[in-house]
Amino acid sequence: MTSPAPKYIISGGPGSGKTTLINGLQQQGYFCSEEISRKMIIQETAKGSFCLPWIDISCFSAKVLQEMIFAWNQAPTAAITFFDRAIPDIIAYLNVAEVPVPEEYYTALALHPYHKQVFIMPPWESIYVNDSERWQTFEEAVIINEAIRKAYTTCGFELIDVPKNSQTERVAFILDFI
């Protein structure tokens, strides 16, 4: 029996170039899962919901967790998949908000394993842009990035720092690494 193809995570603070990198990997033919948090913010805002990270982070996190589990289950078993964020990101955001992390998040992570090496995008002020889904200041993005690094390390992942380069160079860095 062959092992399933690896499920790699690309993470880091807001505005560090994750989505651009994911788009570059998709252009190379890789299966990629989009950032669920952004999609959920757009959906919840359109509904006039209060289930948003800046209003009710516990509600928002629970919805994101369910969508991340769904995305994990939708990933092909025979092809490498790249995820724009994963379950430890939720844990990091809850930690930053000083909200206790329910045990179900750790259970979900154990039941939906990712490759132990995680690609981390560093804060990069010159590309940082605020928009309707990214409300944090750059300084807050740096704090979130540190919380993300801590959450992944605490959950047993090895962090691989992706250099601040062009999309093409970042894609090549990851593909050379894997």
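Can you work out the Karplus-derived ³J(HN,Hα) for every residue in region 53-65? Use 6.51 cos²θ - 1.76 cosθ + 1.60 with θ = phi - 60°, whole Hz, and x for glycine or proline.
Karplus-based 3J(HN,Hα) across region 53-65 equals x, 8, 10, 9, 5, 5, 4, 4, 4, 4, 5, 5, 4 Hz.
Percent of accessible area on region 20-178 owned by carbon and sulfur, 1.4 Å probe?
For region 20-178, the apolar C and S fraction of the accessible surface comes to 55 percent.
With θ taken as phi - 60° and the coefficients 6.51, -1.76 and 1.60, list the Karplus ³J(HN,Hα) couplings across region 85-94 in order, rounded to whole Hz; mark glycine and proline as x.
Karplus values, whole Hz, x for Gly and Pro: 6, 7, 3, x, 5, 4, 4, 4, 5, 5.
Could you state, as a whole-number percent, how many of the C-alpha pairs of the chain are farther apart than 20 Å?
Counting pairs separated by more than 20 Å, the tail of P(r) holds 51 percent.
Which FRET efficiency value, to the nearest 0.05, do you get for residue 106 and residue 165 by plugging their Cβ-Cβ distance into 1/(1 + (r/R0)^6) with R0 = 45 Å?
For R0 = 45 Å, the calculated efficiency reads 0.85.
Accessible area per residue of the chain at 1.4 Å probe, in Å²?
Accessible area per residue, the chain: 50 Å².
Report, by chain and number, residues whose modeled amide H sits under 5 Å from the one on residue 117, excluding near sequence neighbours (fewer than 5 apart, same chain).
158
Say each of residue 140 and residue 23 gets a label point 7 Å from the Cα, pointing the same way as Cα to Cβ; how far apart are those two points in nm?
If labels sit at residue 140 and residue 23, their model points lie 2.4 nm apart.
Karplus couplings for region 39-49 from phi (6.51 cos²θ - 1.76 cosθ + 1.60, θ = phi - 60°), rounded to Hz, Gly and Pro as x?
4, 5, 4, 4, 5, 5, 5, 4, 7, x, 6
Can you check what the net charge comes to around residue 177, using other residues whose Cβ is under 14 Å from the Cβ of residue 177 (Lys, Arg +1; Asp, Glu -1)?
-2
For residue 31, what residues show an amide H to amide H distance below 5 Å, using hydrogens built from the backbone and excluding near sequence neighbours?
So residue 31 has HN proximity to 82.
The values are calculated or read from the model by the stated rules, or taken from the named source; none is laboratory data. Predicted model, so just to flag it, every value in this text is computed and none were measured. All Cβ positions, even for glycine, are placed from backbone atoms using ideal geometry, and neighbour counts span all protein chains on display. Protein only, heavy atoms only, side chains kept; ligands, DNA and RNA dropped before computing areas. Shrake-Rupley method; radii C 1.70, N 1.55, O 1.52, S 1.80 Å.
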